[in-house]
Amino acid sequence: MSDFEPKIIGLFCNWCTYLAADLAGVSRTPYAANLRIVRVMCSGRIHPEHVLWAFRNGADGVLIGGCHPGDCHYIEGNFKTLRRCLLLKRLLEQFGVDKRRLRLEWISASEADKLRRVVDDFTETLRAIGPFARETPIFRPARTEAPGAVAASTDTKEEG
Amino acid sequence: MASKNGDIPRIGVYVCHCGTNIGGQVNVPEVVAFARTLPNVVVAREYKYMCSDPGQMLIKEDIQKLNINRVVVASCSPHLHEHTFRKATLEGGRNPFLFHMANIREHVSWVTQDPEKATEKAKAIVEAAVYRIQFHEPLESKHVPVHPDVLIVGGGIAGITAALTLADAGKTVYLIERESSIGGHMAKFDKTFPTLDCASCILTPKMTTVKDHPNIHLMTYAEVLEVDGYVGNFRVKVKKKPRYVIEDRCIGCYVCIEHCVYKTPKHPSEFDEGIGLRKPIYIPFPQAVPLVAVIDPETCIEFKSGRCPKKCQKACREIVGRDAIDFTQKEEILEIQVGAVIIATGFQIFDPSRIPEYGYGRYPNVYTSLEVERLVNASGPTGGAIVLRDGRKPQSVAIIHCVGSRDRNYNPWCSRVCCMYSLKLAHLVRERTGAEVYNCYIDMRTPGKGYEEFYEKLLHEGVHFIRGKVAEVTDWTINPEEAGKLVIRVEDSLIGVVRRIPVDMVILSVGLEPRSDAEELRRLFHISCSAEGWFLERHPKLAPVSTYTDGVYIAGACQGPKDIPDAVAQAGAAAGEVLSLVDRGVIELEPNIAVIDARRCSGCHVCIALCPFSAIAFHAEENVARINEALCKGCGVCVGACPSRAISQQLFKDEQILAEIEGLLMVD
């Protein structure tokens, strides 16, 4: 358990969070190697299926990165992301998935340091929750989850 | 596996060392060996610099000799070199969109400390790219015409320079300035460092050229209200504030000002930084362009009570015969269409009252450097005489560097110009008053042509230099020598002694800050700000005047602190970028638009309401929605919402994104 390294899929908007990740590189701001990034033009492009597909293929967490409210390059795509994310979290919970595994963050192009904080923090959170497959019967017919995972999935604390 | 368009993918993977930038952290040979094991990969190679000519040649040769039809380059961010490699793919003989870039520098080698983890992550990203590119298909870029006119926001030296360069090239330029005259900060200065050129002597001719230029539409006292559209075709709404003086009729004769019911000026002049006074009707400075009076409704009696005898209006009508004053003027909204925008809105100075220990606002003889610029200026409130508030000539003057700059409590950055202007003010004060001048600095920063030499010159002029950050400015005196003076307490760190220096006048060399409303402007034009609030350039080195929004450029101090030569150079660069865009006449748009498959569309209307650009319309006779290609900006919001999965986004198709996700998760 202690050597568990969660895999995080980052679905990042081309104009803000993807650039923040570029900036983190340019300014040599190291963060957890657990993040793997997919670029989309707008966080509003992200379909719930992308998130579910990531979990199905072995992701332990999905980080959606969009522009701050009011800053969307396409006027208001990020508001649609926000709505979809809230619904998707409810769906994940109904599936027995800890909703903390899906995280939405507004990270602008200049916020490389915020990206670092979020990725490091998310990695820690996922380490604490444990691997995805342990708690999700729908992806694994035989329930093999540890008691700790159950406690984690009933945790109603909303992340910031 | 055959791709959708029928051909069998033959993939070439090229992993870049980027010198040691990638190769130093990622085991590139291991990544290449791994890439060879991936499906449909025909060839995988490594090269020191893929973006170099020989690097690109590898791609072109493999396309021709090995019949490669898909190209993956694992190197830096697509924001840097996607175009380079798309072009190489095209020159090799393939559609440029049969290329995908794997970012293993910014997203891997530069941010991952453990080489093993970095290598694993790089492998995952390469695998994702290989999976994704199987679903790429040839695409055609869309070309749209570029409107030849240009908008420049901000009429300081950067905006003026850019406007003149473009107008001389025959372009129609709209120059918008918020104040009632162009000129910006430079118009307030007396001399410029290090040559001690008279600022207005070099600026005023440029200002009048702007006014007289047939290709420049100058709009002062105006602000940008709304921006719509995209590169090549911006629609901009401009608000022209009422100045209550009809611009075409006013000849700038000052008669109205002389006849104002206020016999003497009583209100602080904004242009003179509050140390000079003006009347409610005023011309900010004698060289103002346009030389047109303006009425401040906040102080004008007519606006406050409606019972002013309106002597100014009468004088204009009867003495000058122009009838230029119109108290009923309303604000005007104008709409203009342009192909490109240059933002040159400059900076604001740090407010030193935020540092209470320096006593600004509490001790009358503590000045900001900009106030002193007005004092030494021949057209300033004292006619160029450097005097204290009570009219006395100062015997001793302290100049405190780095006020608000290089200070974690305020602004961490170096404002770049303060050392040089402090030296200039030291020279001018010494020259005009003979006072003892003490420059208290942290580090003397004089990089620039002739700058160090200027510092050297000052060292021999008898100016005192004290290396140390001033702790406080106080009027608490401890001996008769200090009586009636301000005392600077500073540690002279070169001799290790804490000193008390009694002076008559203190000049605070305030730093430069982003304008407080930069955030609003940023949103209007959809550009970004750095964490400090300066407008963000596309690349700090290679695209210093471009932004991430195509067609919007930045110049001057709005991008970061800079002096006049740098602002002028940047303005020229921005004008050059605009010319290259406008003269091309057409712009190639990324073909990442959304497409509706009419056979799958159920006509539910969901996408129509979601589209932020009203690009989707419903066709009742066929019961389907259709996307107007010209209006679609390629955000993909509709794609993510279509319940029938009838919409797809080119370059970001679901199968491409899903394959990428799958590939990213294959490597542990």
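The values are calculated or read from the model by the stated rules, or taken from the named source; none is laboratory data. Because the structure is predicted, anything quoted here is derived from the model rather than measured. Cβ: placed from backbone, ideal geometry, glycine included. Neighbour counts: every protein chain shown. For accessibility, only protein heavy atoms count, side chains too; no ligands or nucleic acids. Shrake-Rupley method; radii C 1.70, N 1.55, O 1.52, S 1.80 Å.
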message: Take the residues in the range A:29-46 that are in a loop (DSSP other than H, G, I, E, B) and in contact with an Asp or Glu (Cβ under 9 Å, 6 or more places away or on another chain); name whichever of them is surrounded by the most Cβ atoms within 10 Å (Cβ to Cβ).
response: A:Met41
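Only one residue in B:Val497, B:Val503 is buried (at least 19 other Cβ atoms within 10 Å of the Cβ) and either at pLDDT 95 or above or more than 30 Å from B:Gly560 (Cα to Cα) (or both), so which one is that?
After ruling out the rest, the residue left standing is B:Val503.
Using the structure shown, decide if A:Glu49 is more than 10 Å from chain B (Cβ to nearest Cβ), in a helix (DSSP H, G or I), acidic (Asp, Glu) and touching a helix residue (DSSP H, G or I) at 6+ places or on another chain (Cβ under 8 Å).
Spelling it out, it is not the case that A:Glu49 is more than 10 Å from chain B (Cβ to nearest Cβ), in a helix (DSSP H, G or I), acidic (Asp, Glu) and touching a helix residue (DSSP H, G or I) at 6+ places or on another chain (Cβ under 8 Å).
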- line: Okay, strands (runs of 3 or more DSSP E) sitting entirely in the range B:430-495 with 1 or more residues that are farther than 23 Å from B:Asp563 by Cα and touching a Cys at 6+ places or on another chain (Cβ under 7 Å), I get B:464-467, B:470-474, B:486-492
In the range B:313-357, residue surrounded by the most Cβ atoms within 10 Å (Cβ to Cβ) [restricted to those that are in a helix (DSSP H, G or I) and within 31 Å of the chain's Cα centre (by Cα)]: B:Pro352
Extreme residue, most open to solvent (accessible area, probe 1.4 Å), among residues of the range B:78-126 that are among the charged types (D, E, K, R) and within 10 Å of chain A (Cβ to nearest Cβ): B:Glu116
field: Filtered residue count, the range B:439-489, keeping only those that are open to solvent by 80 Å² or more (accessible area, probe 1.4 Å) and under 31 Å from the mean Cα position of the chain (by Cα)
entry: 6
message: within 14 Å of another protein chain (Cβ to nearest Cβ) and of a type in the set (Lys, Arg): which single residue out of B:Arg599, B:Arg584, B:Arg522 fits that description?
response: B:Arg522
- prompt: What is the residue count in the range B:6-18 for residues that are more than 19 Å from B:Lys121 (Cβ to Cβ), at pLDDT 95 or above and open to solvent by 10 Å² or more (accessible area, probe 1.4 Å)?
  reply: 1
statement: When the range B:57-77 is checked residue by residue, the ones that are under 12 Å from B:Gly12 (Cα atoms) and buried (at least 17 other Cβ atoms within 10 Å of the Cβ) are B:Leu58, B:Ile59, B:Lys60, B:Asp62, B:Ile63, B:Ile68, B:Asn69, B:Arg70, B:Val71, B:Val72, B:Val73, B:Ala74
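Scan the range B:523-532 for residues that are within 12 Å of A:His73 (Cβ to Cβ), within 10 Å of the chain's Cα centre (by Cα) and either touching a residue at least 40 places away in the same chain (Cβ under 8 Å) or open to solvent by less than 20 Å² (accessible area, probe 1.4 Å) (or both) and jot them down.
B:Ile527
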task: Give the range B:241-273 a look and list any residue that's in contact with a Pro (Cβ under 9 Å, 6 or more places away or on another chain), open to solvent by less than 40 Å² (accessible area, probe 1.4 Å) and either assigned to a loop (DSSP other than H, G, I, E, B) or closer than 15 Å to B:Ser181 by Cα (or both), or say none.
output: B:Pro242, B:Tyr244, B:Cys250, B:Gly252, B:Cys260, B:Ser269, B:Phe271, B:Asp272
query: Given the structure, is B:Arg445 modelled with pLDDT under 95, more than 21 Å from B:Val498 (Cβ to Cβ) and in the same structural domain as B:Arg499 (by TED's automatic domain parsing)?
result: no
